[in-house]
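Just so it is clear, none of the values below were taken in a lab; they were calculated from the coordinates. These numbers come from a predicted model, not from an experiment. Heads up, the Cβs are rebuilt from the backbone with ideal geometry, glycines too, and the neighbour counts pull from every protein chain shown.
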Amino acid sequence: MSSEENVPSQHAPQFHILSFFRDEDDNCALTAVQNNVRFHVIAEIEKLDHAIIGGEYVELLEHLKRQEDGAEASSVTTDSGVDVTNGKQEFTQTDEDAETALQSWMLQPLGSIIDEYASASANEGQQTLKKWYTGPVYYFNLEVENDSLQAIELEPDDELKQRVDELLPQISIPKYVRDIDVPIFCAEDLLVLDCSHSPPPYHPSRVQVNGTDEVFFLKLVDNSQPQPTKRELSLLNRIAQRGLHKHIRCPKLEGLVIWDNDHSKIMGFLQTDIPDPTPLTLKLDATVPQELRDRWAAESERMKNVLHEHNIVWGDAKADNFMVDKNDDLWIIDFGGSYTEGWVDAGIKETAKGDDMGVEKIANALHDPVANTWDPDTAKSFGGSQRASEQLNFNKKRKAEDSEEHQARKRHRSGEGAAEEDVYCVCETVGSGRMIACDEETCEGAWFHFECVGLTAPPPEDQPWYCPECRIA
């Protein structure tokens with residue numbers, strides 16, 4: 001199947017996908033970027049009423065639906081949160097991933113258009129972070145004209161513009177995050193050095209402070225999931241306050257990034273730039289020297305223990321959240337919480353027991369990668385057993401709580417059930433140390449560590465006390 005028969009002068013362009021959407025009526029929309037020029041493309045099924053072209057679209061949609069339903073193998077994703085990719089991707093209709101194939105088909109008629117519109121920006125040089133996100137945007141609708149698929153440029157209305165504006169990363173932050181003692185950087189003062197596809201969508205990943213030689217790793221917020229960012233910022237701050245950087249290699253929180261001058265919202269935060277990071281997952285290989293693997297296994301256990309000694313739960317314990325730098329030193333990253341299926345059981349996520357389980361599996365895989373790792377792409381172990389494949393499935397990630405789990409946690413907090421290790425506070429860790437209860441009945445945090453909410457002594461007993469979130473609600 002190919003639309004090249006209909007548009008022989010056009011070619012599949014190079015691009016990076018920023019968003020893709022399909023509604024219940026099988027209409028699709030995507031936003032792609034090349035040379036900082038964005039292209040928003042809409043495919044409405046009623047405008048593709050053509051025996052061949054419409055048939056191609058429907059076939060691609062059906063392929064996508066089957067893949068989403070699990071009938072066909074889906075593409076592997078990573079979520080290390082550290083840029084370990086380079087260069088552009090060129091997607092074509094021969095790609096196995098159904099979503100990528102549909103995106104390529106939608107962009108096929110824009111081949112020469114993208115070349116023309118994006119060429120003017122190709123030699124602009126280094127861009128600020130703000131400019132990277134605010135480049136020109138062009139809007140197109142796909143239609144059939146003269147038996148060929150054509151991209152018709154649109155004059156955008158407010159609704160269309162809003163779709164692209166919503167791609168800008170930004171979340172509101174509570175006072176306890178604003179009070180963290182780190183520098184504030186404006187997006188226009190940071191130069192983009194590198195971008196990454198991991199995790200998607202394509203985004204800036206390394207930045208330099210304009211006029212200096214300071215380089216940082218940039219971690220952007222996820223508009224749909226603000227809580228992991230808040231948790232990570234809180235825990236990174238606790239790690240720094242307790243002087244744990246002397247004992248473990250963990251990226252420091254170097255600053256918060258805002259769009260302009262609104263300090264109540266952030267687009268991301270800056271961390272130590274790990275030199276040449278490689279996910280530990282890629283080191284779970286018998287060809288890697290045993291001495292190195294054994295050292296990393298011991299180090300992963302030691303770092304976890306240091307955190308637990310200071311009442312800090314890592315959360316998403318897995319090999320992908322350890323990094324090996326250019327000197328073969330191990331770093332622990334990603335304190336956003338939740339869990340990844342295959343590494344940690346759902347019932348003990350974000351607990352010390354969950355960390356113990358994940359790190360034990362990491363150590364086992366390092367000591368003996370043949371028996372304790374599994375390649376999901378080939379559906380067989382590296383000379384190991386089915387048991388190993390059941391233990392380590394690297395592809396099933398669970399980042400958000402469902403409502404039943406969330407309500408169960410609230411019941412545990414209010415005393416309606418007994419949980420072996422409940423989690424509390426803005427840092428979402430096990431309750432321990434000096435803690436204070438919020439007097440707001442609907443508060444989801446319930447109990448808070450003194451240091452997390454800026455207390456050095458208990459407030460007067462005759463006065464109600466509210467956590468930072470409830471105080472500004």
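Working ranking of peptides 274-284, 455-465, 160-170 by packing, defined as the average number of other Cβ atoms within 10 Å per residue, highest first, is 274-284, 160-170, 455-465. All C-alpha to C-alpha distances of the range 243-284, sorted into 5 Å bins beginning at zero, yield P(r) values of 5, 17, 18, 17, 15, 13, 10, 3, 1 percent in whole numbers.
Of the two radii for the range 171-271, the radius of gyration is 0.95 times the Kirkwood radius, both from the alpha carbons; that is the Rg over Rh value.
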